[in-house]
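The values are calculated or read from the model by the stated rules, or taken from the named source; none is laboratory data. Fair warning: this is a prediction, and the values are worked out from it, not measured in the lab. Here Cβ is always computed from backbone atoms with ideal geometry, including for glycine, and neighbour counts include all displayed protein chains. The area values use the complete protein model at the heavy-atom level, side chains included, leaving out ligands, DNA and RNA. Shrake-Rupley method; radii C 1.70, N 1.55, O 1.52, S 1.80 Å.
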Amino acid sequence: MSDSGTTPGNLARALLGITGFGALAGLMITAMIAPTLAVASVGANSAIGVFDSLPEFIEVGEQAQKNTLWAYNTNDPADGYTKIAEVYFQDREEVSLEDMSPHLVNAAIAGEDRRFYEHSGVDVNSVIRAALGNVISGDIESGASTLTMQLVKNAYIQRSQFLPTEEERQAAYQAAIETSFQRKLNEMKLAIGLEKQFSKEEILQAYLNITGFGGNTYGVQSAAQRYFGTSAANLSPVQAASLMAIVQYPSTRNLGDPGNYEDNQARRDVILGNMYREGYLSEAEYNTAIAIPVDANFVKISPPSAGCIAANEYAKYFCDYVVKNVENFAPLGATPEERISRWRIGGLDVYTTLNLSLQTVAQDRVWELVPSDEERFDLGSAATSVEVTTGRVLAMAQNKIFNDSEDGGGPGATAVNFSTDRPYGGSSGFQVGSTYKIFALLAWLQRGYGLSEVVDASRLELDQATFLDTCGDGGGPWFGPWPFRNSADLIIPSATVFEATVRSINSAYASMAEQLDQCEIRAAAEALGVNRADGGVLQTNPSAVLGTNEIAPLTMATAFAAIANTGVVCEPIVVDRFVTAAGQEIPGQQPSCRQGITPDVAAAAAAPMRSVITGGTGTRSNPGGDVPVIGKTGTTDSQVQTWMVGSSTNVATSVWVGNIVGDYRLSNYRNGTVLRHDIWRVIMQTANEQYGGEAFPAPPTRLLQGSGITLPDITGLTTDEATILMESLGLKLEVTTGTIGGRVGAFEPAAGTLLARGMTVRVVAGGGDGQSTGNLVMPNLAGLSVVAAIQAMDAVNMTGARVFTCVAGSSGSDPNQGVVAAHSPGAGAQVWNYTGVQIQVNCGAEPAPTDDIFLD
């Protein structure tokens, strides 16, 4: 047996090399020069036939360029714009040959195609040499590619990346790089076509701008900036040679990985030797260059100059959100695939919706109050503002520093955008706490129930089996007890829906949910564009009314904007217009708005939400000034997550502060539970200054009264008589003390109270004479602000329902804003601690200043 290493398989490959590359050589000679190499007639004729069927010419075309993102300086376009980012599909900046170092041009020719200026696209000598080399090796190891042929190959690779689907892109890419005679034939003929159409200088310029240099870096300008911190025009001989050393094997010779330095230097030194032999370098220049090692001192990796990681420090997350929304940019194409392809081509000036002045205020405030590097727990915060009537995203701030590099930037950085849903930033959202109660309020009002109806707030544990849920896919059915608590362990027998919203009373809202279909609550949320950030369906378990669903801040801002917009919800948009490199203007995203809830329901919901800000759990968030705002607070169990969401008629803002992961109690963190207020207030002060706002419409009378039942005076009735009467009215009776069968001495809520159907009336039955004495003295509330009146009743442990109404002739219409004119029972009356109180308010009168705050 021969020791030459030849095997049947090697021999077959060797024969393939002879016939294949022989045919190619013969083909080139026949097609370009003259028949100087004899090959088998069948192979030659076959090859020429294939050659003649190939296209004559390939249009290299414009390569992918950066897109430039712009933000408004203020809310007024006349104040101009600021560039916030340059983003790209490929990191590439095209430059002319005149703007490239001559050393770079020489290195390209010396390293890749020393007879570049002598051939017409195909180097016949190289083809013959490659054929012989492949015969010797027994495989296809050399392709004899000229710079022009490499340009053809790179053009096909580039073209593959702009196809609509990933499957098509992969298939075209593999076809562009496969090792086959068919591909080589194609490259040869197209190279000849290019040489007929373009000058050598144009071909060389295109090659140096299209070639990949590792990772997402394309073209010599971007490569020079990335690896040496300089321009293509200023490259030294050794730098130019080191760049050209990358092009054959960019994954193993690029300078972004120190592990590639040795391979890069080996190829670089070959190129330097070629440059010296071709006369491009003097002996002294060669000796100087070859002595420089490829190491950390030689390579100067520059921080990215493009991409969202290099964006304006205040706009990095917004930049990332824009990039992840490309498939939604309808003006760029009819399908998501077409839009992505157009974006990848680049060269667009993208005028976004971002208001940089508002963004700066939001971001500075978040950074000031919520550190990115808190060590005790994983503390996070996000603040997002949208324009109410359009859905334009005006601000998007976050405490963590944006970093989507491989090293991640450390514990103070992340690439996850907390403001958005998972497909647009990687976040799975956060439990929203009591802000979700607003959707139960909407469902309540859609039923025709009213704000002034009194609901049971006495129970702190309910049977989950009593809750109706017709959705069927929200995680149920639900069984067993559901215990919960009110903030500050508040115990209160009943409350109006208005008061339950203003004071965020969990027990009252649990009773409201018990009277609703949980699917109605979810439908109300979905009508305003609410969805789980992780893409799952909104849960409809009973506790969902208190905010167990994980939702993104942008989603909550959008939903509350709809309430401020007479029930019209507008999907978030981020681009106002595009301008191409040729100056053509393309419209941006058009507002996509629809009626989510009726204007009456929106107005009714806004009424207590206004009082949340002026005298409820959101008092600390009150931005002051002349622009009215509405809102709702939210705190989850154990104060793990905290929220403040609200809106003027022009701008809605959502602020979340809490645990990214983990369950650290924010009450154990300095000012932890009020940080959301201190962020939201400052953002909305700036928003109100720039955008203004109008008064919210008054709630319709029918949704104040609703379908409630006015409780008659049952004093003196026997408990049996009272029970029959209550049941006939759709109410329940519960005897709390005394003898069943005796007469009603006192009851709660008070006579005249508007009760929700199904509400429980609690009575104290005496011995039969109808007489009973209360255990408290009613304080004098006249002249007090509504807030002070509530505090006065709380101070003497009065826990009954409080019903506030405006007296005739009031200058305002909000019963939670003004001064108490009268009340029943009157001052000094003997009352039970659970006695309800009817309070008449001179609405609109200036209340006494107060700094007191109700926590939700």
Place a +1 charge on the Cβ of each Lys and Arg in the chain and a -1 charge on the Cβ of each Asp and Glu, then give the dipole magnitude about the Cα centre in debye, rounded to the nearest 20. 360
Extent along principal axes [Cα atoms of segment 540-659; Å; largest to smallest]: 56, 34, 29
Give the relative contact order (percent, whole number) for the chain; include only Cα pairs under 8 Å separated by 6+ residues. 10
Given the candidates Pro553, Ala525, Val537, the one whose Cα lies deepest towards the positive end of the charge dipole of segment 507-565, counting +1 at each Lys or Arg C-beta and -1 at each Asp or Glu C-beta, is Pro553
At 1.4 Å probe radius, can you tell me the per residue accessible area of segment 263-408 in Å²? 40
Percent of alpha carbon pairs in the chain separated by more than 47 Å? 43
With axes computed from alpha carbons, what is the tilt in degrees of helix 437-446 against the longest principal axis of the chain, rounded to the nearest 10 within 0 to 90? 70
For Ala746, which sequence-distant residues (separation of 5 or more, or a different chain) have an amide H within less than 5 Å of its own amide H, given hydrogens modelled in the peptide plane? Val764
Scanning the chain for GluC sites (Glu not before Pro) in DSSP loops with at most 13 other Cβ atoms within 10 Å, what's the longest stretch left with none? 407-693
From DSSP H assignment alone, runs of 4+ in the chain each adding -39500 (n - 2.57), the sum over residues rounded to the nearest 500 puts [θ] at 222 nm at -11000 deg cm²/dmol
Radius of gyration and Dmax for segment 584-721's Cα atoms, expressed in Å? 20.5, 84
Could you give each residue of segment 189-203 its phi-based ³J(HN,Hα) in whole Hz, using Karplus coefficients 6.51, -1.76, 1.60 with θ = phi - 60°, and x for Gly or Pro? 5, 5, 4, 4, x, 4, 5, 6, 8, 10, 6, 4, 5, 5, 5
In µm²/s, what is D for segment 285-377 at 37 °C and 0.692 mPa s, where D = kT/(6 pi eta Rh) by Stokes-Einstein and Rh is the Kirkwood radius from Cα pairs? 188
Once exposed loop trypsin sites (Lys or Arg not before Pro) are cut out (DSSP; at most 11 other Cβ, 10 Å), longest piece of the chain: 1-375
Collect residues whose amide H, placed 1.01 Å from N in the peptide plane, falls under 5 Å from the amide H of Ile551; neighbours closer than 5 in sequence don't count. Phe430, Gln431, Val432, Ala533
Out of Asn328, Ser231, Gly259 - ranked by how far each Cα lies towards the positive end of the dipole of segment 183-332, with unit charges on the beta-carbon of charged residues - the top one is Asn328
Note the angle between two axes, namely the Cα long axis of helix 599-615 and the longest principal axis of the Cα atoms of the chain, as a number of degrees from 0 to 90, rounded to the nearest 10. 80
If you take every DSSP beta bridge fully contained in the chain, what fraction is antiparallel? Give it as a percent rounded to 5. 75
Once exposed loop chymotrypsin sites (Phe, Trp or Tyr not before Pro) are cut out (DSSP; at most 15 other Cβ, 10 Å), longest piece of the chain: 480-856
Rounded to 10°, Cα long-axis angle of helix 147-160 versus longest principal axis of the chain: 20
From phi via Karplus (6.51, -1.76, 1.60), per-residue ³J(HN,Hα) for segment 462-467 in Hz, x at Gly/Pro: 10, 8, 5, 5, 7, 8
Number of Lys-Lys pairs in the chain under 21 Å by Cα, sequence gap 8 or more or different chains? 16
